[in-house]
Structure formats: structure tokens, C-alpha cells
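Remarks on the structure that follows.
The values are calculated or read from the model by the stated rules, or taken from the named source; none is laboratory data. All of these numbers come straight from a predicted model, not from anything done at the bench. Quick reminder, even Gly has a Cβ in these numbers, built from the backbone with ideal geometry, and neighbours come from all protein chains shown. Heavy atoms of the whole protein, side chains included, go into the accessibility calculation; ligands, DNA and RNA do not. Shrake-Rupley method; radii C 1.70, N 1.55, O 1.52, S 1.80 Å.
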Amino acid sequence: MFVKKGRLYLLAFIALYIASYYVVIINWKQDEIGLIVGNLFSMVGPLVGVILLLYSVIRMKKNRRFWSILALGIGCYFLAELTWNYYENHLKVEVPYPGLPDLFYILQIVFFLIAFSNRLLSEIRRMKAIKYIFDITIIMIVAVSLSWYFIIKPILITPDVSPLFVAVSLAYPVGDLALLLMVMIIFFGQKNPWTKSGILYIALGLVVQIYADSIYLYLQAIGNYHSGNLIDPMFTLSMLLVGYAGVTSLTLEQSSAKRVKALDYKQLSLFRMIAPYACAVGIFIFLLVEQPSINAITLGAGLTLILIVIRQVAIMIENNQLLKKFDRRTKQLAVSTQRYKTIFQYHPDAVFSLDLQGKYQSINDMVVQLTGYLYEELIGESFLTLLDEESEKKVQSYLIKAINGVPQYFDTYIQTRSGTSILLSITMIPMVVQEKVVGLYGVAKDITDNRINEEKIKFMAYHDSLTGLPNRSLFDEKLTVAMEEAKDTNEHFAVFFIDLDHLKVINDTLGHEIGDELLIESAKRMRLSLSAQDIVARQGGDEFILLARNVKEDEVVVFAKQLLDRLRKPYTIQGNEVSATPSIGIALYPTDAATPRELLKNADMAMYRVKNNGKNNFSKYNPTMDEEWSKVMTLERDLHQALERHELELHYQPQIDVSTGKIIGVEALIRWNHPVFGDIPPTVFIPLADKSGIIQKITRWVIDQAIAQAVEWQNKGLDPITMGINISPKLLESDRIVELVTNMLEVHKLPPDRLDIEVTEALAVNAEHSIETLDQLKELGVRISLDDFGTGYSSLSHLIRLPIDRVKIAKEFVEGIGIDKRMEGIIHSISTIANELQFGLIAEGVETDIQASYLKKLNCTVMQGYLYSEPLPAKQLEKILQQKSFKEQDVLPD
Ligand code: C2E
Ligand code: CA
């Protein structure tokens, strides 16, 4: 295979070959040897040409016919040389003219003509020969004129020659001229000679041949030709060049043609351009040389011709540059068009263009993918067809604005082919051509998922995950809006602050799962009370806030009652009947507050009031609550110094076994004598102490005081009684209380069984730690009573796990005796359970004889209540203790 280097060697060989040929001709002019060697050179040359062409043809893929016919042509030439040689060197005679060699020479020309006309036919469509018709014509006119002048005319006027002589002699110049015409047509028609077929070398070869032929014929005509003439190697060169052209064509075909594409293009096109004019100038110069009689007119005509030619060449050069520029621009345009197309077609978003009527002009694949409609279905259709009626109007206005030159950005839903609607974020840009809007470009992004996620996030940000109710943030927004609107409409509305009582107890005793479900269920009930504009939100924990729009002052009570009734009813959750009664505080707009914050604070205060007044009710805000509230704040602050300032005191309430009339124990109940507000009930300040943590210090003080008091009475010789103390459930969560009790008992030397620790049912039964603490206390020998039994939510199974000695029947149930059959039922159950589980029983809050007799009938003989005594300061109680016992008639009326 010939690579570039191979071709170079070949070219060098050709040069060397021809040079050697010349050396032979010049040195052995007319010699025998010169003749033989010269003829050998002229014979081997075409042979090499044939071999080169055949070599190339075998390996070529394209234009094989063309090259094969050319090979045949060179082959004929070789035969011509062979026969020539035969005459001259073998037969040693003058080569006949016209003779056999001429037949082969002419055949060579004929084959070449066949090859070119063949090629011409196959490439005719690609050629722009017309463009060069003038150039070709000029060259041909010059060639024909010269040929006529030097060759054809002399042949025709040669006297005494046979018609065959004339015919053969004419065949050469005519054939050559035809060849020249073909070569020029092909050569000029090539867009880029290099890439095609090495046609340049054929052209070169033929030009050499035509030139040599012409000289040869001229010499023949004037009878001056002999073998070994200087033009002989030119024929050989011509054949070798054609052979070389074949090899070039082959290597160009094999290597990537791109590498050489740009090579010499400029020079070639310049040559192509200048050639006709050069010929014209050439013939003029010839005119001057041949006809020495120059006169002013020929000179003037000549100069004019030269100037025209120069001018023409200058224009051509300029044109050529313009053409190149145009070519470059076209390429750039093609690149940018390609880029634009790529951006358009492969854009990840839907891209489309609309005409001024809003009809699709072009769309990319993404539009098809997004809408589900085919290209053909959308093109020519209005952009609005995929929209619903409502969006249509909106989007139409955007389109009009965009057509007026203002880019538009908007979101709209469209209906896809499958009927689903998707949300698109659309950018519409006016398409401006020469300062006129000729249409619109649109880019659309599917943001359906984004919107869904956005909505989810927004929902999460504005809602409580457990109940699905709005949260405080959303509530605040709605409340603000309501207030803004109410300013214009004079609307009245109410805010409800709802707190579920005992939710903590439910969580602690029945578990968080049930607590959660209870919250969900109560949220549902709250929703039932709402009308469209109202909103209920979970404020956190067990607190809810409700906004009831358009509720006047007189209607608010009805609304509240309805809400209360709904929420009061017990729930059945996982087979448990639980109730979470609400405490509801209400504040009205505009009566009670001017700002959302104030309104909520006032509703909260009203709720707090309900909590303090026994819960399970509602209360409207009134301005005195502000005082109460600030009082609470003051109390919370002052509580910290209450101990140091000795404002706390214990009162004792006796517990009597009515079957014997004996006081068997007392319950220590704390009192706070506030320097400004006077007596503060423990129901007010114990929760505050619990909240602030000061309860620990207070409890320590209570235990110390109570035990000391018990020991004091014991030392005074009074009958032994148990000392009951109340312990906040919170304190049972750690075992520091065990240490404290142990210490106090030791310090004061009170037998442990004289201490009775009252714990409410609200203690965290679920929290194993609280039970452990109780177990440890029990191990100390301390007695344990379950306070307010029945108001909490402990199930029987929990009850069994607690190390308790007795249960206290809560005041609430005792109050119902003789009034409420259900309360009586509960008391009945409690006493049965206590008997079954062998717990002791004590009733508190006994105020009437009826209650006492009822309880006694149920075998509950230990009682505590105003019927016997209020809680009293130690000194006063001591007096009662000294009486040793209550008389039978005092304790058990008929
Ligand atoms: P509790 O343990 O249920 O205490 C019984 C409450 O009922 C006492 O209210 C007592 O004065 C009241 N009471 C007794 N007999 C009658 C009666 O016949 N009729 C009526 N209406 N009430 C009666 P008090 O003293 O206001 O105590 C309230 C709550 O404060 C107590 O409820 C207890 O849970 C808590 N408490 C009192 N002292 C302490 C203490 O030292 N530490 C802790 N942690 N809590 C305490
Ligand atoms: Ca108690």
C-alpha cells in the first residue's frame, strides 16, 4: 500500500526516470545506442504507468471503470511504442507515417476520451460546468486557434498527401483538443480536485501529452521530427503522471481524505481562475511575436485587452475572496443552525414556537412526551387547546403581552392526551426578527411534582402530624386574616382555648398509643363543631385552639355548651372506655382583645380559670382574670421565698374509724399564707411548685414537719395515729424521695408504719420507675394510700401491681351519694374491689350523715371530712386528739 511517503518515492522515481531519459537523448543524439536506450525509456515508462494503474484499480473501491479504461489507454500507448521500437530497432526502417504505431497512439486518445466521457456522465449532476463555460470556451478558442495555426492548417495545405495521411494527422490534434476539453470540464467541475481522484495529475499528464503531441505534429508537419527528439520523454512523463494519478486516487481513497482536503485548494482555485486569462494574454503575446508589424491599433487593442484582463482578474480575486467569506459564513450559519437545532431538539424541557395566532409552529420531542400528542396533532393547533376554560383566559392575556414584546412567566395546568392534568411553568419569549415580533418561543417545565411536594411540605409546616389539624402557625395566620376582615365587616368571633383534662394521666396509665388515639378522636369531635370558615388547631400537647367566626356574644355560650357536651362523652379506644373532659376558655373579638396574641392569651386565662375551678367546663374571659393571671405570676415568683419567710404551714385533718369513734390518723395538708393575697389553696400553688421544681424543697419541708409533729404528739402520750402526707407523682419518678423519707424517719425516730404516704392515681403507673420507688417505700415499712381513687384511669391490672395498703374514695364520688345513682355505683364497685384485693378503704370529703351512713353500709368505716373536722392547725387538732375519741352519736347519726 502506498502511503504518503510511498507516493513521494514514486514522484522521485518519475523525475529521475525522465531526467535519465533526457541525459540519454542529449548525450547520444542520433546515435544507435541513444536510439535504442531512448526507445527503451519511452517503452518502459508507459509500462510502469499501466502497472501503477492496474495496481491501484485492483485495490480501489470507487471509479474502477474510469481508471481501468485509462490503463487500457496507456496500454495502447505502450503498444504504439512497442511497434515503433519494432520498426526502428528491429526492422531498422523508418517508421511509417501514418502507420501501426499511429493506430495505437490514436487508440490511446480514444480510450482516454471514453474514460473521461464516462466519468463526465457519472458526475455530470454534481458539476457546475456552466459556471466555467466561459473560462473553458476561452481556453478552447486559444487552443483551437493555436492548433489551427500551427498544426491543422499546415496539415491541410500539405501537398501530395493521401487522405489517410490527412485523417491520421488530423486525428491527433482533434483528439488532443477533445481531451483538453474533457480534462477542463472535469477539472473545473471538481469542487475540490484533491479529494476526488488525483485528477490534477491526469490533467497535468494530459497537458504534457497535448503539448508534446502538438510539438510532435508541428515537427512532423514541417518534416523535422526524428526519434530521440527532446519532446519524446514528455510522452513518457505524461503516461507516468497518469499512472501516478491512479496511485494518488487510491491513497486518497484509503487515507482519510480530510487531511489533505484544504491542501492547495486556494492555489488550485486561483489557477483555475487565472488560466483562461493567462491563455488570452498568451495568444496576444503570440500575436505580437508572430506578426512584427505592430501598429498603433494592434498595440491599443492589445493594451486594452491586457487592462481588461487585469481588471477582470482583480474582480475575480475579489469575488473569490467574497466567495470564501460566504463559504465561511455559510459554515458558521450551518454550525449555529445546528447548535440551535440541538438546543431546541434535545432541551430537557418542552420547547416550542408559536405563530402570532398562538398556533404551534414547531415543537421538540419533550412537548410530545409531556402532552402525549403527536407532532402532527399539535402543529397548527392553538396553544390554548390544551388548557381548561379558566386557564385559557388567563393564558391568553399572557400571550397577548408576549406578542407585544414583553416576556411572560407563568404557571398553568394543561390537559394531556391521557386526560391527566399537569402543571407547567412556562416562559414565553417574543421571537423578534428585524425589530418585529414574528411569533413566540416557549419553554415549559413540568412542575407538577414540585407543586405536590411543595404542598406536602407546606401542609407539614402548617399541620400537626398526629391529628392532621392545622398547627399554631396556620391558626395565627387565619386569626390575623379574620381580624383584618372583621375590621371592615364588624364581624364578631370567638377564640376557644381547649385543654383536655387528665391527658397526662391517660398517657401514663394506659400508654401513649391510647393517649394519641384519644387526641385524634377528640380532634374529630372538635371538627364537628366547625362551620366552613372556622378552624381548630392543635396548639401542642393536650391543648387546642378554635376560631369560631361569626359568633356573637349571646351565641358563644350555646356554641361552648355544644362543644363541651361533645368532648365530655367517653371514648372507646382499643376496648377501653376513656374520657378526657375539656377545660375550655373563651375570648371574644372585639370585646375582649384587639390583637390575635391578646385574644389567645385571654382565652388561655379563661381556660386556666376552669382548670382551677374543677375542670370539665367552660368559662368566658373577663377582665378580672387579668388580675388573677398576674396574681398567678406573682405567686409563682413568691413561692420561692415562701419557705424562708415561714409563710407555709401544715394543717391536719383527722381520719376517724366510725365503728370505734377513734381517730386513727391525720392527713397533713399544706397552707400558704401569702403576705398580700392571704390564704392560697394548695390546688393553686402546688401545680405552680410542680411546674417550677420547687416542689422538692416543699415536700422535704412537709415530711420533716409532719413527722416531727407526729413524734411530738406521740411524746405527749397521745394515742398513736398515722401521719398522712401527700406526695406529688412527679417526685416518685426518682428514688431521692426514698432517701429523704428514710432519713426523716431516722432523724425523728418515728416507726415507719406511722407514716402514710398518699399518692394519687395519676402517678405514672406505666413508668416502671415510679412503681419501683413505691416498692422501696413499702419496704421501709411505710404505709401507702391511693388518693382520689376512681378519678384516674388505672385499670384493675395496674392496681394489682401497686404496693398499696388502702384506697381513698374521692370526694367527687362521696358528693354524689343520695344524688347520683352512678356515683353510688362507682363507690359500690370501689368497695368491692378493695374487699377483693384486701385493701383498706377510706372515704374523704364526707360532709353529711347520709354520706356517712351510706359508706358505713358498704363496710367503709374510716372517714375524713368536714362532718368530723376541717383540716386544722396542729394546736387545735391536738385538742381533738386529747378527747381520745369521737362519741358514737357524733359520728354515726341515725
Ligand atoms: P387531697 O389530697 O384530695 O386533699 C383533700 C382535700 O379535700 C383538701 O383540700 C381538704 O381540705 C379537702 N377536704 C377535706 N374534707 C372535705 C370536705 O368534707 N369537703 C370539702 N369540700 N373538702 C374537703 P386542700 O387542703 O385544699 O388540698 C387540696 C389538694 O392539695 C389535696 O388534695 C392534695 O392533693 C394537695 N395537697 C395538699 N397538701 C399537699 C402537700 O403537702 N403536698 C402535696 N404534694 N400536695 C398537697
Ligand atoms: Ca390527700
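Checking ILE725 against (1) part of a helix (DSSP H, G or I); (2) within 16 Å of ligand 2 (Cβ to nearest atom); (3) β-branched (Val, Ile, Thr), which test does it fail?
Answer for ILE725: the failing condition is (1).
Of the conditions (1) touching a Gly at 6+ places or on another chain (Cβ under 8 Å); (2) within 15 Å of LEU567 (Cβ to Cβ), THR509 fails just one. Which one is it?
(2)
Could you tell me whether any residue of segment 512-528 is farther than 22 Å from SER465 by Cβ and not hydrophobic (A, V, I, L, M, F, W, C)?
no
How about segment 416-431: which of its residues are within 17 Å of VAL351 (Cα to Cα) and not in a loop (DSSP other than H, G, I, E, B)?
ILE422, LEU423, LEU424, SER425, ILE426, THR427, MET428, ILE429, PRO430, MET431
Give the number of residues within segment 379-415 that are farther than 20 Å from SER362 by Cβ, polar (S, T, N, Q) and assigned to a helix (DSSP H, G or I).
Residues flagged as farther than 20 Å from SER362 by Cβ, polar (S, T, N, Q) and assigned to a helix (DSSP H, G or I) within segment 379-415 amount to 3.
Check segment 565-579 and report whether any residue there is open to solvent by less than 40 Å² (accessible area, probe 1.4 Å) and either out of contact with any strand residue (DSSP E or B) (no Cβ under 9 Å at 6 or more places or on another chain) or within 16 Å of ligand 2 (Cβ to nearest atom) (or both).
Yes, the conditions are met somewhere in segment 565-579.
Being part of a helix (DSSP H, G or I) and more than 20 Å from PHE104 (Cα to Cα) is the filter here; which residues of segment 53-75 pass it?
TYR55, SER56, VAL57, ILE58, ARG59, ARG64, ARG65
Starting from segment 678-706, keep only residues that are farther than 19 Å from VAL666 by Cβ, then list their pairs with residues that are part of a helix (DSSP H, G or I) and acidic (Asp, Glu) whose Cβ atoms are within a distance under 9 Å, requiring at least 6 positions of separation or different chains.
Listed by first residue and then by second, the contacts come to PHE685/GLU636; LEU688/GLU636; ALA689/GLU636; LYS691/GLU636; SER692/GLU636.
Spot the failing condition for SER42; the list is (1) more than 17 Å from VAL242 (Cβ to Cβ); (2) part of a helix (DSSP H, G or I); (3) in contact (Cβ under 8 Å) with a residue 40 or more places away in the chain, and only one is missed.
SER42 satisfies all of (1) more than 17 Å from VAL242 (Cβ to Cβ); (2) part of a helix (DSSP H, G or I); (3) in contact (Cβ under 8 Å) with a residue 40 or more places away in the chain except (1).
For segment 691-725, name all the residues that are within 11 Å of ligand 1 (Cβ to nearest atom) and open to solvent by less than 40 Å² (accessible area, probe 1.4 Å).
Scanning segment 691-725 gives ILE695, ILE698, THR699, VAL702, ILE703, ALA706, GLY724, ILE725.
Which ones in segment 351-369 are in a strand (DSSP E or B) and buried (at least 20 other Cβ atoms within 10 Å of the Cβ)?
Across segment 351-369, the qualifying residues are VAL351, PHE352, LEU354, TYR360, ILE363.
Which one is nearest to SER785 (Cα to Cα) among residues in segment 828-860 that are among the β-branched types (Val, Ile, Thr) and open to solvent by 30 Å² or more (accessible area, probe 1.4 Å)?
Result: ILE833.
Can you find a residue in segment 540-548 that is in contact with a strand residue (DSSP E or B) (Cβ under 6 Å, 6 or more places away or on another chain) and part of a helix (DSSP H, G or I)?
No, because not a single residue in segment 540-548 is in contact with a strand residue (DSSP E or B) (Cβ under 6 Å, 6 or more places away or on another chain) and part of a helix (DSSP H, G or I).
Examine segment 726-733 for a residue that is out of contact with any strand residue (DSSP E or B) (no Cβ under 8 Å at 6 or more places or on another chain), open to solvent by 40 Å² or more (accessible area, probe 1.4 Å), within 11 Å of ligand 1 (Cβ to nearest atom) and closer than 22 Å to LYS504 by Cα, and state whether such a residue exists.
yes
Please specify each residue of segment 836-849 satisfying the condition of being of a type outside the set (Gly, Ala, Ser) and either within 15 Å of GLY665 (Cα to Cα) or within 13 Å of ligand 1 (Cβ to nearest atom) (or both).
Of everything in segment 836-849, those that are of a type outside the set (Gly, Ala, Ser) and either within 15 Å of GLY665 (Cα to Cα) or within 13 Å of ligand 1 (Cβ to nearest atom) (or both) turn out to be LEU841, ILE842, GLU844, VAL846, GLU847, THR848, ASP849.
Please name all residue pairs, on different chains or six or more residues apart, with Cβ atoms under 7 Å, provided the first residue is in segment 659-670 and is open to solvent by less than 10 Å² (accessible area, probe 1.4 Å) and the second residue is among the basic types (Lys, Arg) and more than 15 Å from ligand 2 (Cβ to nearest atom).
Within 7 Å, the pairs are GLY661/LYS887.
Considering only residues that are within 20 Å of GLN705 (Cβ to Cβ), within 9 Å of ligand 1 (Cβ to nearest atom) and not small (Gly, Ala, Ser), which ones fall in segment 850-882?
Once the filter is applied, which keeps residues that are within 20 Å of GLN705 (Cβ to Cβ), within 9 Å of ligand 1 (Cβ to nearest atom) and not small (Gly, Ala, Ser), segment 850-882 yields GLN864, GLU870, PRO871.
Conditions (1) under 44 Å from the mean Cα position of the chain (by Cα); (2) of a type in the set (A, V, I, L, M); (3) assigned to a helix (DSSP H, G or I), marked per residue:
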{"site": "LYS478", "(1), (2), (3)": "yes, no, yes"}
{"site": "ALA482", "(1), (2), (3)": "yes, yes, yes"}
{"site": "ALA486", "(1), (2), (3)": "yes, yes, yes"}
{"site": "GLU491", "(1), (2), (3)": "no, no, no"}
{"site": "ILE498", "(1), (2), (3)": "yes, yes, no"}
{"site": "VAL505", "(1), (2), (3)": "no, yes, yes"}
{"site": "ASP508", "(1), (2), (3)": "no, no, yes"}
